[in-house]
Structures are given as structure tokens and as C-alpha cells.
Amino acid sequence: MALMITDECINCDVCEPECPNEAIYLGKEIYEIDPKRCTECVGHFDEPQCVQVCPVACIPVNPQFVEDRETLMQKFRRLQVEAQQAQAEAAARKAAG
């Protein structure tokens, strides 16, 4: 399941840096969560970090993106591979000068 941020968000900026998948970003009016990147912190933590730090409890499960734990783990693995590839490409560009 991906999470979502409701319009009760006060833009306090505490959730974005807590997301290990960089799924949280500032939208037009409030912070938003990219469901393609949200794993509910599966693979990183036992509980979603954004939910833990949110002072107004405005981060429920997104009913449009219901996923089981195994699907979230597969997403985590995919994101890890993508991150490793991006790091390798950046290192190659840096080495090429």
C-alpha cells in the first residue's frame, strides 16, 4: 500500500527528509507521496517514518494503491537496484571528467 498525504497537511517539512525512498515531495499546495516510490518503509524500517513524525496525523493508506507486504518488498528491491545504477552512472561520469 502506498501512503498519501491529505489536505490536513500543514507543510511542516518534517516528513520529506524522513522518506528513505524519496517518495515525498512538495506539491502545488501540500506535500505529496509518489505511489511508485512509496514502500511504507518496507525494507528500511518496521513502520512508515513519515507517519511517525507527522504532527497532524494526515498520512493514511492510499486506497487507490493497495499493495501487500511482498509487493512492497519487490518495489523496495527495484528502487535499490535503480539507486545503485544511478550511483554507478554518476561515478562513471565523474571519472570521465
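Points worth noting:
- Measuring from each cysteine beta-carbon in the chain, the ones with no other cysteine beta-carbon under 4.7 angstrom are Cys9, Cys12, Cys19, Cys38, Cys41, Cys54, Cys58.
- Two-decimal ratio, the chain, of alpha-carbon radius of gyration to 2.2 N^0.38 Å: 1.19
- The range 11-66 versus the range 71-97: alpha-carbon centroid distance in Å: 21 Å
- Sites listed here are chymotrypsin sites (Phe, Trp or Tyr not before Pro) in the chain whose DSSP assignment is loop and whose Cβ has at most 13 other Cβ atoms within 10 Å: Phe45.
- Distant-in-sequence amide H partners of Tyr31 (H built 1.01 Å from N, under 5 Å): Asn11
- Cross-link partners of Lys36 among lysines, defined as those whose alpha carbon lies under 23 angstrom from its own and excluding same-chain residues fewer than eight positions apart: Lys28, Lys75.
- C-alpha long axis of helix 69-96 to longest principal axis of the chain, angle in °: 40 degrees
- Of the trypsin sites (Lys or Arg not before Pro) found in the range 18-51, the ones in coil according to DSSP and having at most 14 other Cβ atoms within 10 Å of their Cβ are Lys28, Lys36.
- Taking amide H positions as modeled 1.01 Å from N, with prolines and chain starts lacking one, the residues under 5 Å from Glu67 and 5 or more places away or on another chain are Ala2.
Every number in this text was worked out from the coordinates using simple rules, so none of it is lab data. Everything quoted here is computed from the prediction, not taken from an experiment. No Cβ is skipped: glycine too gets one built from the backbone with ideal geometry, and neighbour counts run over all protein chains shown.
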